[in-house]
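Presented below is the structure to which this report refers.
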Amino acid sequence: MTERRRILTGIRPTGSLHLGHYAGALENWVKLQREYECYFLIADYQVSDYADDITRVRDAVWEVALDWLGVGLDPEGSSYVIESLVPEHAELTTLLGWFLPVSMLERNPTLKAEMEAMEHPEDGKSEAKSVPVAFYTYPVMQVANILMPRAHLVPVGEDQLPHIELTRETARRFNRRFKDVFPEPEALVGRVPRLLGTDGNAKMSKSRGNTIDLKDSADTVAKKVKAMFAGPPRGLNEPGDPDENPVFLYLRAFDPNTAEVADLEDRYRTTGVGNKELKDRLTLALNTLLEPIRDRRAHYEAHMPQVREALEAGTKRGRTIAIETMEMVRDALDMNYLGRY
Ligand code: TRP
């Protein structure tokens, strides 16, 4: 049997996961998990305020694992890896730092936007903070995460593309100068690269409080959809442009009956359709999607030792391949100083 190609991808443990994560990435992970050998990373080192809020990180590790189990990522066929429990990540980050010019970090648009949001928060809730060194260098850590299992594919949300480009560049430089250790990984962006928040904001994000979470109850989903921003105000029988109504973006993303959604769009343009009809339909579509996820999640929540087992076994496998890669890296760099005499 030939070896399966490998996936490494990950998520920051900041809380429970939402529909944006699902449509942007998780859905692809579930689809690809049999075809690839998968490492799913809980990237705790990447939480921007790690040192200020370790309690939250610690809780979120479990939340993320529960959400992954809920969406159906098989923890035996794949590996759930806790980043900080594989210390080789820190070691490889240091070594790879030699291959990346500071200017490449300074130009990284995702990092730039995140640092800007930290220093000048606009959500009206968070207080301004200065950027910790560890946060500034997290894209290098992410390069190390991806190269650690010598991954071939990285299924992620659109905002992660600059980091994958950085990874490819690092792999090329390393391989060219030393030994061919790392595949040049490809990125794969999900069906819905960026899901709007329920308030119509460009991004669904926990800090803005505009998410629909995978673990939300059917009632909560109904309430959130009811309160959802539905474009500029319209009368009941007033035609409108579906592209200006986020409810349609969600219907296109999550309602499996595309023909009926297309019909609805036609009616919306010609005779107008009330928001209630749209929202009732969306609530039904979302709850149909989320129900099996919630059920599986609830099962594991009642069996937390199984969640622990998933994390423990997965992290162990992540560590095994990490040790193997570090041997290859040290060998390529010829860093065995004491071997000389
Ligand atoms: N940066 C990713 C996020 O914010 C999380 C992450 C960490 C990641 N390491 C990774 C994603 C490696 C893909 C590959 O969600």
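None of the figures in this text is laboratory data; all of them are computed from the coordinates on show. The structure presented is a predicted model; accordingly, all values stated were derived computationally and were not measured. Backbone-built Cβ (ideal geometry, glycine too); neighbour counts: all protein chains shown.
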Partners for Lys179 among lysines (Cα-Cα distance below 27 Å; same-chain residues under 8 apart left out) = Lys316
inquiry  = Report for the chain the percent antiparallel among DSSP-assigned beta bridges with both residues inside it, nearest 5.
reply    = 5 percent
query = So what's the back-of-envelope 222 nm ellipticity for the chain, counting only DSSP H runs of four-plus at -39500 (n - 2.57) apiece and dividing by all residues, rounded to 500?
reply = -15500 deg cm²/dmol
task = Please find the FRET efficiency linking Glu165 to Arg308, where r is the Cβ-Cβ separation and R0 is fixed at 30 Å, and quote it to the nearest 0.05.
result = 0.25
key: Fewest-first sequence of Thr110, Thr94 by Cβ atoms within 10 Å of each Cβ   = Thr94, Thr110
message = Can you return the aspartates and glutamates within cross-link range of Lys31? Criterion is Cα-Cα under 13 Å, with same-chain partners fewer than 8 residues away left out.
response = Asp74
inquiry  = List residues of segment 169-184, by number, whose backbone nitrogen lies under 14 Å from a label position 7 Å along Cα→C-beta of Asp334.
reply    = 177-179
message = Mean-square fluctuation check for the chain, GNM, Cα pairs under 10 Å: which of Ala65, Ala187, Ala262 is largest?
response = Ala262
query = Which value in nm describes the separation of the simple spin-label points at Ser84 and Lys223, placed 7 Å from the Cα toward the beta carbon?
reply = 3.3 nm
task = Decide, for the chain, between rounded, prolate and oblate: order the square roots of the alpha carbon gyration tensor eigenvalues as a ≥ b ≥ c, take rounded if a/c falls under 1.5, and otherwise choose prolate if a/b is larger than b/c, else oblate.
result = prolate
ask   = Of Lys125/Lys215; Lys206/Lys276; Lys129/Lys206, which ones are farther than 21 Å apart at the Cα?
value = Lys125/Lys215; Lys206/Lys276
task = Post the alpha-carbon centroid distance, segment 96-166 to segment 16-59, in whole angstrom.
result = 15 Å
